[in-house]
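Reviewing the structure listed below.
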Amino acid sequence: MAWFRRSKASITHDAQRKDMPDGLWTKCDGCGEIIHRMQLEQHLFTCPKCNYHFRIGSKEYIQILLDEKSFKELDKKMRSTDPLEFTDTKRYRDRIRDTMAKTGLNDAVRTGMGKIDGQDVVLACMDFSFIGGSMGSVVGEKVARAAVAARKEKAALIILSSSGGARMMEGALSLMQLAKTSARLAQLDSAGIPFFSILTDPTTGGVTASYAMLGDFNIAEPGALIGFAGPRVIKQTIGKDLPPGFQRSEFQLDHGFVDCVVHRKELRETISRLIRLTAA
Ligand SMILES: [Zn+2]
């Protein structure tokens, strides 16, 4: 009775299409709830039913975290070159150009000065939509410069990570960013300036292996994947099933890798309070 099943499927499909005009409704990946765009925005892109945190970009995080219109971007025009003349499925320089056109961003991190409740901060905020939030020379340099700016201005540093790790197309140059960013953060630490690391879904690879885990406070959003190698690779390597919730924020909190798990709605207030506490 294949014809019957086919017609049933098409009815369901038409009904969904009727209720979901393009871009206005989103299905929650956590619980399947259909949520209107406006409701999603009101809840800072978290599900009102199950608290699932949708992936968002630097534009949204800057609005959520900083005082209105306080963000002044640094190194806005810094762009990747293609030092290795790398080609995979397409030329790296073409990939950069196409991604810039598609996302309106120049690379996978935006940095700048801003304020939270009137307190000066330097924010570096990553964008997963730019080649998987991968860290190449531009991301490393901008993060390192953000740390330098925080030291100079004696302002707290906040780095919000969302990344698959080092950028393969820049080979060893990407790996050098781990040492550079970590060294700048060590200088910031010596100067007694606090650094808040916010870990969002996903924070993995070279970013976890450098600045994301070096915060004076490592603050994770609920349900974020946080780790070095991903669960699939680990499972293949050890040949065993992994425990439930492996590498998610709550699991990492239980195992001492993050200091707290904070709902996106409480991020701003939490950081504001921590800045006041550390300044005292
Ligand atoms: Zn949900």
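Which of the residues spanning region 117-128 are surrounded by fewer than 22 Cβ atoms within 10 Å (Cβ to Cβ) and over 14 Å from the mean Cα position of the chain (by Cα)?
Within region 117-128, ASP117, GLY118, GLN119, ASP120 qualify.
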Checklist line | Cβ-Cβ under 8 Å pairs, at least 6 apart or on other chains, region 45-72 side acidic (Asp, Glu), far side assigned to a strand (DSSP E or B) | finding: ASP67/GLY114; ASP67/LYS115; ASP67/ILE116
Margin query: Going by what's in this entry, would ILE64 be described as away from the ligand (no atom under 16 Å from the Cβ), part of a helix (DSSP H, G or I) and more than 30 Å from ALA172 (Cβ to Cβ)?
Written below: yes
Notebook entry, point to check: Among ILE226, ILE271, which is open to solvent by less than 20 Å² (accessible area, probe 1.4 Å) and farther than 19 Å from GLY164 by Cβ?
Noted result: ILE271
Check: In region 180-191, how many residues are among the hydrophobic types (A, V, I, L, M, F, W, C) and either exposed (fewer than 15 other Cβ atoms within 10 Å of the Cβ) or under 11 Å from GLU141 (Cα atoms) (or both)?
Finding: 3
Next item on the list: Residues being within 13 Å of the chain's Cα centre (by Cα), of a type in the set (Gly, Ala, Ser) and open to solvent by less than 10 Å² (accessible area, probe 1.4 Å): count how many of those fall in region 135-179.
Entry: 4
Next item on the list: Check ASP82, ASP22 and return the single one that is at pLDDT below 95 and more than 15 Å from the ligand (Cβ to nearest atom).
Entry: ASP22
Check: With GLY32, GLY112 as the choices, which residue is within 15 Å of the ligand (Cβ to nearest atom) and open to solvent by less than 80 Å² (accessible area, probe 1.4 Å)?
Finding: GLY32
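Given the criteria under 20 Å from THR200 (Cβ atoms) and in contact (Cβ under 8 Å) with a residue 40 or more places away in the chain, does ILE116 qualify?
So ILE116 fits the description; yes.
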Check: Just checking, which of ILE96, ILE64, ILE131 is open to solvent by 20 Å² or more (accessible area, probe 1.4 Å), out of contact with any Phe, Trp or Tyr (no Cβ under 8 Å at 6 or more places or on another chain) and under 22 Å from THR204 (Cα atoms)?
Finding: ILE131
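The values are calculated or read from the model by the stated rules, or taken from the named source; none is laboratory data. Since the model is a prediction, treat every value here as computed from it, not as a measurement. Heads up, the Cβs are rebuilt from the backbone with ideal geometry, glycines too, and the neighbour counts pull from every protein chain shown. For the accessible areas, the whole protein counts, side chains as well, though only heavy atoms, and no ligand, DNA or RNA atoms are used. Shrake-Rupley method; radii C 1.70, N 1.55, O 1.52, S 1.80 Å.
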